[in-house]
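A.B. asks: Structure provided below as structure tokens; questions to follow.
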Amino acid sequence: MQNNIFQEQAKVVSTKQIADNTFETTLFSPNISGHIKPGQFINILPSNNWSYMMRRPMSVASQNSDCISIIYKVVGVGTRLMKDWSKNQVVDILGPLGNFWTGYNEYEPILIGGGVGIAPIINLKNHLDSLSINCNLIMGSRTKNEHFLDHDPQNDIYMTTDDGSLGIHGTVIDGLRLIYSNNNKQKIFACGPPGMMEAVKFFSDDNNVICDLAIETIMACGFGICQGCTVELNNTDTKKTSYREKY
Ligand SMILES: Cc1cc2nc3c(=O)[nH]c(=O)nc-3n(C[C@H](O)[C@H](O)[C@H](O)COP(=O)(O)OP(=O)(O)OC[C@H]3O[C@@H](n4cnc5c(N)ncnc54)[C@H](O)[C@@H]3O)c2cc1C
């Protein structure tokens, strides 16, 4: 976690549908856009109506000096409200929140995104491009309608689909096997659904590749106070009993 967290009244610039049930909204948010780092997220109040008082966490998918964008799937009441935001509507957001990715300078980064986990991976890809750091990008989905990038192996961009309708037929692990080179220089950065993250972790354990997973468990506050986002650590040391050491 880092210190500078802003509560900002952002303004909706645009919303467009970019894939099946997937939307991209750009927000004018100069404070947060100036401070957020790839991997971090914002916590959004989708409406000022007290019936919808819980914020919804969303990773930032792109940033420039004034604006940020988010990419989201509509799954429930909050995201339904978000997709219908009107242009210039003012939206209350908190950020930057959460951890950010590091260590991409020393390695050959492999970026892996799946499901709603694609947003922070896109932001990291943009960042690496701006630093002229070459990387491989693998995006996984069930079918081609959920993808919004082209399968472009010549530029190290790989789409995978469970049904084979675009790119590599299979999961992101099939894509990973193609580009894994056993040279001890690669590092994986991944964000996606729990099953995908588990598979990436097992691959990295089996092949001794360093792997940095961005976990997106359901949460409320977004900055650690409600402890709703906890993930139990594989910690068998009986002396380590405090909450922080266990989760
Ligand atoms: C740090 C973080 C970053 C995120 N970034 C993105 C993003 O970039 N794009 C995106 O589309 N989504 C992202 N999510 C998930 C997003 O926050 C939820 O999809 C959203 O809150 C759902 O709100 P809702 O009101 O539409 O759905 P609700 O009505 O609250 O829930 C609808 C369904 O979605 C399930 N659900 C809600 N949140 C999650 C979750 N975090 N994981 C798994 N299932 C969930 C609920 O259990 C329920 O079944 C992120 C979550 C976290 C914690």
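A.B. asks: In the stretch 55-78, how many residues are out of contact with any Lys or Arg (no Cβ under 7 Å at 6 or more places or on another chain) and not in a loop (DSSP other than H, G, I, E, B)? Before the answer, list the steps.
C.D. replies: To start, the set of residues in the stretch 55-78 that are out of contact with any Lys or Arg (no Cβ under 7 Å at 6 or more places or on another chain) comprises 55-73, 75-77.
When the remaining residues are screened for being not in a loop (DSSP other than H, G, I, E, B), the result is 56-59, 62-63, 67-73, 77.
So the answer is 14.
A.B. asks: Sticking with this structure for a sec: Taking Asp84, is it over 23 Å from Phe223 (Cβ atoms), of a type outside the set (Gly, Ala, Ser) and either within 10 Å of the ligand (Cβ to nearest atom) or out of contact with any Pro (no Cβ under 9 Å at 6 or more places or on another chain) (or both)?
C.D. replies: yes
A.B. asks: Select, from Asn99, Asn88, Asn64, the only residue that is at positive phi and polar (S, T, N, Q). Step through it out loud before you land on a result.
C.D. replies: Details: Asn99 fails: at positive phi; Asn64 fails: at positive phi.
The match here is Asn88.
A.B. asks: May I pose another question? If Ser141 meets every condition in (1) at pLDDT below 95; (2) among the polar types (S, T, N, Q); (3) buried (at least 16 other Cβ atoms within 10 Å of the Cβ) apart from one, which number is that one?
C.D. replies: (1)
A.B. asks: May I ask you to list the residues in the stretch 25-80 that are among the aliphatic types (A, V, I, L, M), surrounded by fewer than 18 Cβ atoms within 10 Å (Cβ to Cβ) and more than 8 Å from the ligand (Cβ to nearest atom)?
C.D. replies: Of everything in the stretch 25-80, just one residue is among the aliphatic types (A, V, I, L, M), surrounded by fewer than 18 Cβ atoms within 10 Å (Cβ to Cβ) and more than 8 Å from the ligand (Cβ to nearest atom), namely Met53.
A.B. asks: Scan the stretch 87-99 residue by residue and report those that are surrounded by fewer than 18 Cβ atoms within 10 Å (Cβ to Cβ) and within 13 Å of the ligand (Cβ to nearest atom). Before the answer, list the steps.
C.D. replies: Narrowing the stretch 87-99 to residues surrounded by fewer than 18 Cβ atoms within 10 Å (Cβ to Cβ): 87-90, 92, 99.
Matches in the stretch 87-99: Asn99 only.
A.B. asks: Moving on. For the stretch 222-245, how many residues are under 19 Å from Gly192 (Cα atoms), within 16 Å of the ligand (Cβ to nearest atom) and open to solvent by 70 Å² or more (accessible area, probe 1.4 Å)?
C.D. replies: So the count comes out to 0.
A.B. asks: Another one. Checking Leu131 against (1) of a type in the set (A, V, I, L, M); (2) more than 15 Å from the ligand (Cβ to nearest atom); (3) open to solvent by less than 50 Å² (accessible area, probe 1.4 Å), which single condition isn't satisfied?
C.D. replies: (3)
A.B. asks: Quick one: which residue in Met196, Met219 is within 16 Å of the ligand (Cβ to nearest atom), touching a residue at least 40 places away in the same chain (Cβ under 8 Å), part of a helix (DSSP H, G or I) and under 21 Å from Phe41 (Cβ atoms)?
C.D. replies: After applying the criteria, what remains is Met196.
A.B. asks: Shifting gears a bit: Restricting attention to strands (runs of 3 or more DSSP E) lying wholly within the stretch 86-168, give those where 2 or more residues are in contact (Cβ under 8 Å) with a residue 40 or more places away in the chain, aliphatic (A, V, I, L, M) and under 13 Å from Gly39 (Cα atoms).
C.D. replies: On the way: elements: 90-97, 108-114, 136-141, 157-161.
The strands (runs of 3 or more DSSP E) meeting that bar are 108-114.
A.B. asks: Within the stretch 218-238, identify whether any single residue is of a type in the set (Ser, Thr, Tyr), at pLDDT 95 or above and out of contact with any Gly (no Cβ under 9 Å at 6 or more places or on another chain), and answer yes or no.
C.D. replies: Filtering the stretch 218-238 for residues of a type in the set (Ser, Thr, Tyr) gives 230, 236, 238.
Next, only the ones that are at pLDDT 95 or above stay: none.
Within the stretch 218-238, none of the residues are of a type in the set (Ser, Thr, Tyr), at pLDDT 95 or above and out of contact with any Gly (no Cβ under 9 Å at 6 or more places or on another chain).
The values are calculated or read from the model by the stated rules, or taken from the named source; none is laboratory data. Here the structure is a predicted model, which means the values were calculated and not measured. As a convention, Cβ positions derive from the backbone with ideal geometry for all residues, glycine included, and neighbour counts pool all protein chains shown. Please note that ligands, DNA and RNA were not included when accessible areas were found on the heavy atoms of the full protein model with its side chains. Shrake-Rupley method; radii C 1.70, N 1.55, O 1.52, S 1.80 Å.
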